[in-house]
Structures are given as C-alpha cells and as structure tokens.
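Engineer: To start, I am sharing the structure in question, which I have written as structure tokens.
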C-alpha cells in the first residue's frame, strides 16, 4: 500500500470591497483552468505577517490595490492535490482580512488567475464556489456595513 502524503498549508486572503452606485461590491477571482469563483488568497511566506501576506496575495491575484481594514476570520478545510505525484492530502488554514479597495487594475492579475470581477454581495454569494468562503463574505458584509456606518458618524 502506498502511503498517502499529507501536509499543512497556512494561507491568507482578502475580501476586497468597494462602494458602488448600487451598494457594496466584492471582487472574486476565477483561478486559471478551474470552473470556480473564489476569494483571492495564497501561502504566507516564511517570516511574513498574515495581514501582509493577505494584501500581497490579493494584489497579485486580482491586480487591485487597497488597505486592510479588519480581520474577518479563519477557515479550515482539506483537499486532495490530485495533480501531484503521488497525490497529497492538504490541510489548509486561511485567515481572511477585509480590504478596502483604493485602486489598481483588475486586468493586471497574475497567471494563476483567469478573470477578476466585481459582484454585488448577493451575486458574490451566488457565484462563490466554496461554502466556507460564502460564510466569510457574509461576515465581511456585516463588518463593511458597520465600518461604513462609523465612517458616517452614525455608529
């Protein structure tokens, strides 16, 4: 019997948001070669702070610039990296941050990503491929609402 390889990956990502004419919009990325929509995320480099990694990965994968507003939360899941030989079981931990969009160009994403799009929160919740990320978007939405209220001085 072949031993199944396994490893742990620690990643960070962002819920990138902006205020649009019809309310809050969230950016999702479509990874190259996959029929999925997801939040931008990636591995934390050795010695890198999680929020710095989240900002770096979000910018690399989306082409968008912004600033971290708050920590949204952490999700955990496992998947099989079937493309590896031998296939490896990966236990992944991802901490997501709320990133207020300040600029950048969504066409300037890296090669890992096929497409970057802005969606209303409702549409992002319909499009996001992973339940755990939909939970993160829901939590981020309530955080954005409270951040916006406090910016207006009505908190």
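The values are calculated or read from the model by the stated rules, or taken from the named source; none is laboratory data. Computed from a prediction, not measured in an experiment: that's the story for all the values here. Backbone-built Cβ (ideal geometry, glycine too); neighbour counts: all protein chains shown.
Engineer: Give 141, 133 a once-over and let me know the one that is crowded, with 16+ Cβ neighbours inside 10 Å, under 14 Å from residue 16 (Cα atoms) and within 13 Å of the chain's Cα centre (by Cα). Please lay out each step first, then the result.
Structural biologist: Values: 141 fails: within 13 Å of the chain's Cα centre (by Cα).
Sole residue among the options that is crowded, with 16+ Cβ neighbours inside 10 Å, under 14 Å from residue 16 (Cα atoms) and within 13 Å of the chain's Cα centre (by Cα): 133.
Engineer: Do we find that residue 55 is touching a helix residue (DSSP H, G or I) at 6+ places or on another chain (Cβ under 7 Å), free of Cβ contacts under 8 Å to residues at least 60 places away in the same chain, under 22 Å from residue 117 (Cα atoms) and buried (at least 16 other Cβ atoms within 10 Å of the Cβ) in this structure? Steps first, please.
Structural biologist: Details: touching a helix residue (DSSP H, G or I) at 6+ places or on another chain (Cβ under 7 Å): no; free of Cβ contacts under 8 Å to residues at least 60 places away in the same chain: yes; under 22 Å from residue 117 (Cα atoms): yes; buried (at least 16 other Cβ atoms within 10 Å of the Cβ): yes.
No.
Engineer: Hey, another quick one. Can you tell me which residues in segment 96-112 are part of a strand (DSSP E or B) and over 14 Å from the mean Cα position of the chain (by Cα)?
Structural biologist: Just the residues of segment 96-112 that are part of a strand (DSSP E or B), to begin with: 96-104.
If the condition is that a residue be part of a strand (DSSP E or B) and over 14 Å from the mean Cα position of the chain (by Cα), then 102, 103, 104 are the ones that fit.
Engineer: Need the failing condition index for residue 89 against (1) over 21 Å from residue 52 (Cα atoms); (2) over 14 Å from the mean Cα position of the chain (by Cα); (3) surrounded by 15 or more Cβ atoms within 10 Å (Cβ to Cβ), just the number.
Structural biologist: Among (1) over 21 Å from residue 52 (Cα atoms); (2) over 14 Å from the mean Cα position of the chain (by Cα); (3) surrounded by 15 or more Cβ atoms within 10 Å (Cβ to Cβ), residue 89 violates only (3).
Engineer: So, in segment 58-67, exactly how many residues are crowded, with 16+ Cβ neighbours inside 10 Å and farther than 14 Å from residue 110 by Cα?
Structural biologist: Result for segment 58-67: 1.
Engineer: Let me ask something additional. For segment 23-49, what are the residues that are surrounded by 19 or more Cβ atoms within 10 Å (Cβ to Cβ) and farther than 24 Å from residue 126 by Cβ?
Structural biologist: If the condition is that a residue be surrounded by 19 or more Cβ atoms within 10 Å (Cβ to Cβ) and farther than 24 Å from residue 126 by Cβ, then 42, 44 are the ones that fit.
Engineer: Can you find a residue that is closer than 17 Å to residue 142 by Cα, assigned to a strand (DSSP E or B) and modelled with pLDDT of 90 or more anywhere in segment 74-94?
Structural biologist: We begin by selecting, within segment 74-94, every residue closer than 17 Å to residue 142 by Cα; these are 74.
Now drop any that are not assigned to a strand (DSSP E or B), which leaves 74.
Narrowing further to those that are modelled with pLDDT of 90 or more: 74.
For segment 74-94, residues closer than 17 Å to residue 142 by Cα, assigned to a strand (DSSP E or B) and modelled with pLDDT of 90 or more: present.
Engineer: Could you tell me whether residue 124 is within 16 Å of residue 12 (Cβ to Cβ), modelled with pLDDT of 95 or more and surrounded by 15 or more Cβ atoms within 10 Å (Cβ to Cβ)? It would help to see each step written out before you state the result.
Structural biologist: On the way: within 16 Å of residue 12 (Cβ to Cβ): no; modelled with pLDDT of 95 or more: yes; surrounded by 15 or more Cβ atoms within 10 Å (Cβ to Cβ): yes.
Spelling it out, it is not the case that residue 124 is within 16 Å of residue 12 (Cβ to Cβ), modelled with pLDDT of 95 or more and surrounded by 15 or more Cβ atoms within 10 Å (Cβ to Cβ).
Engineer: Further, regarding this structure: Can you find a residue that is under 30 Å from residue 6 (Cα atoms) and in contact (Cβ under 8 Å) with a residue 12 or more places away in the chain anywhere in segment 138-151? Step through it out loud before you land on a result.
Structural biologist: Filtering segment 138-151 down to residues under 30 Å from residue 6 (Cα atoms) leaves none.
Looking for residues that are under 30 Å from residue 6 (Cα atoms) and in contact (Cβ under 8 Å) with a residue 12 or more places away in the chain, one finds none in segment 138-151, hence no.
Engineer: I'd like the residue in segment 1-19 that is surrounded by fewer than 16 Cβ atoms within 10 Å (Cβ to Cβ) and under 22 Å from residue 96 (Cα atoms) and, out of all such residues, is farthest from the chain's Cα centre (by Cα). Spell out the reasoning first.
Structural biologist: If we filter segment 1-19 for residues that are surrounded by fewer than 16 Cβ atoms within 10 Å (Cβ to Cβ), which is where we start, we get 1-10, 19.
Going one step further and asking which of them are under 22 Å from residue 96 (Cα atoms), we end up with 7-10, 19.
Details: 7: 21, 8: 18, 9: 15, 10: 13, 19: 18 Å.
Ranking the candidates gives 7 first.
Engineer: State the number of residues belonging to segment 39-57 that are farther than 9 Å from residue 12 by Cα and within 13 Å of the chain's Cα centre (by Cα).
Structural biologist: Residues meeting the conditions: 2.
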